[in-house]
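Chemist: If you scroll down you'll find the structure; I have some questions about it.
The values are calculated or read from the model by the stated rules, or taken from the named source; none is laboratory data. From a predicted model like this one, the values you see are computed outputs, not experimental measurements. In this analysis, Cβ positions are derived from the backbone assuming ideal geometry, glycine residues included, and neighbour counts consider all displayed protein chains. Note: accessible area is taken over every heavy atom of the protein model, side chains too, but ligands, DNA and RNA are not part of it. Shrake-Rupley method; radii C 1.70, N 1.55, O 1.52, S 1.80 Å.
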Amino acid sequence: MTLATAKGRSGRAGGPGGRALDHGAWFLVLPALLPILVLSVGPLLYGIALAFTDAQSGRTEPTEWIGLLNFQDLRQDTLFWESFRIGLLWAVGVTVPQFLLALGLALLLNQNLRFRWLARSLAIVPWAMPEVVVGIMWRLVYHPDAGVLNETLRDLGLGDGRDWLTGLGTALPAVIVVGVWAGMPQTTVALLAGLQNVPRELHEAAAMDGAGAWRRFTTVTWPALRPIALSITALNFIWNFNSFALVYVLTNGGPGGRTRLPMLFAYEEAFRYGQFGYAAAMGCVMVAVISVLLAVYLVGRLRGADER
């Protein structure tokens with residue numbers, strides 16, 4: 001009876017205390033939540049609302065609600081959908097080599113090599129550099145007259161070089177190379193962290209059973225690494241699809257729109273031509289595409305978790 005009474009008192013005392021704890025938790029989360037609401041959610045909602053208006057820069061008349069008119073115009077805008085195609089080519093062209101090269105580098109850095117600490121430090125240097133600095137540096141590398149790349153080709157007798165960033169056939173591949181180089185370190189770090197969590201005993205047991213390096217990778221390493229690989233690849237694809245600064249500094253969308261990504265197209269519509277409502281509609285389309293990609297990724301992760 002005494003124990004039951006004590007439990008009852010404890011439950012009654014814990015009820016308000018639990019609610020107070022919940023309120024306290026909200027106060028702890030609020031400082032981190034406010035910047036997200038103000039700087040991310042708020043502008044996103046404002047941009048979605050702006051897509052349904054005829055907002056323009058320098059306009060003296062009040063902005064009017066025009067419904068789906070911007071989206072109807074966007075559906076017939078072949079230049080935008082061309083930029084969308086280029087954006088997908090860019091995202092795939094950067095994400096796939098980025099992952100494959102990062103996986104190879106992570107496997108190498110996971111070995112017991114001399115000066116491994118130095119190699120790991122140097123591998124993350126591109127990640128620490130701002131995209132604007134990376135773009136300026138690679139513009140110098142690709143310079144048609146004094147660039148390191150053309151000078152090397154001339155020294156090797158492989159031609160007089162070319163203007164990589166203004167050629168119609170070379171601009172996009174040249175920019176993709178820079179995107180791979182700039183984004184590979186973060187993928188390498190994530191994969192290296194996953195490799196270090198694979199127990200060495202499993203590799204030793206597989207080796208004792210006669211499994212070669214490739215068999216050990218497919219049966220031991222890859223199953224443990226697959227969740228991290230899927231996560232970092234999905235995030236890299238979304239990040240690359242939304243790229244702006246790197247391509248803007250390198251080519252500004254040229255030549256002839258060959259490197260004009262959707263984000264660059266929306267930027268030009270908004271800040272060069274002053275069509276804020278139309279640019280916001282482009283942003284809504286990109287948000288919708290990214291939301292679909294995220295939904296597919298999350299559904300895949302949940303199914304994988306259920307299977308396990």
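Chemist: Name the residue that is nearest to Val249 (Cα to Cα), counting only residues in segment 131-147 that are open to solvent by 80 Å² or more (accessible area, probe 1.4 Å) and at pLDDT 90 or above. Talk me through it step by step, then tell me what you get.
Modeler: To start, the set of residues in segment 131-147 that are open to solvent by 80 Å² or more (accessible area, probe 1.4 Å) comprises 136, 139-140, 145.
So of that shortlist, the ones also at pLDDT 90 or above come out as 136, 139-140.
Values: Ile136: 7, Arg139: 8, Leu140: 12 Å.
Step by step, filter segment 131-147, then rank; the result is Ile136.
Chemist: Is it the case that Leu192 is open to solvent by less than 70 Å² (accessible area, probe 1.4 Å), within 21 Å of Leu261 (Cβ to Cβ) and not acidic (Asp, Glu)?
Modeler: Working: open to solvent by less than 70 Å² (accessible area, probe 1.4 Å): yes; within 21 Å of Leu261 (Cβ to Cβ): no; not acidic (Asp, Glu): yes.
It is false that Leu192 is open to solvent by less than 70 Å² (accessible area, probe 1.4 Å), within 21 Å of Leu261 (Cβ to Cβ) and not acidic (Asp, Glu).
Chemist: From the residues in segment 204-230 that are under 30 Å from Val289 (Cβ atoms) and without any contact (Cβ under 8 Å) to a residue 12 or more places away in the chain, which one is least open to solvent (accessible area, probe 1.4 Å)?
Modeler: Here the answer is Trp222.
Chemist: Taking segment 87-106 as the region of interest, how many residues are touching a helix residue (DSSP H, G or I) at 6+ places or on another chain (Cβ under 7 Å) and closer than 19 Å to Pro227 by Cβ?
Modeler: 6
Chemist: Within the group Leu172, Leu122, which residue is within 27 Å of Trp239 (Cα to Cα) and at pLDDT 90 or above?
Modeler: Only one candidate qualifies: Leu172.
Chemist: Here is a further query. In segment 167-174, is there at least one residue being over 18 Å from Gly93 (Cα atoms) and open to solvent by 80 Å² or more (accessible area, probe 1.4 Å)?
Modeler: So far as segment 167-174 goes, no, none of its residues is over 18 Å from Gly93 (Cα atoms) and open to solvent by 80 Å² or more (accessible area, probe 1.4 Å).
Chemist: Could you please tell me which pairs satisfy a Cβ distance under 6 Å, a separation of 6+ or placement on different chains, a first residue in segment 98-114 that is over 24 Å from Pro199 (Cβ atoms) and surrounded by fewer than 20 Cβ atoms within 10 Å (Cβ to Cβ), and a second residue that is modelled with pLDDT of 85 or more and not hydroxyl-bearing (Ser, Thr, Tyr)?
Modeler: Close Cβ pairs (under 6 Å, with a partner that is modelled with pLDDT of 85 or more and not hydroxyl-bearing (Ser, Thr, Tyr)) amount to Leu101/Met184.
Chemist: Under the condition of being within 33 Å of the chain's Cα centre (by Cα) and not in a helix (DSSP H, G or I), which residue from segment 193-213 is farthest from Ile228 (Cα to Cα)?
Modeler: The residue in question is Pro199.
Chemist: Which one of these is touching a residue at least 40 places away in the same chain (Cβ under 8 Å), more than 17 Å from Leu79 (Cβ to Cβ) and either within 22 Å of the chain's Cα centre (by Cα) or open to solvent by less than 60 Å² (accessible area, probe 1.4 Å) (or both): Tyr248, Tyr278?
Modeler: Details: Tyr278 fails: more than 17 Å from Leu79 (Cβ to Cβ).
Criteria check complete, one pass: Tyr248.
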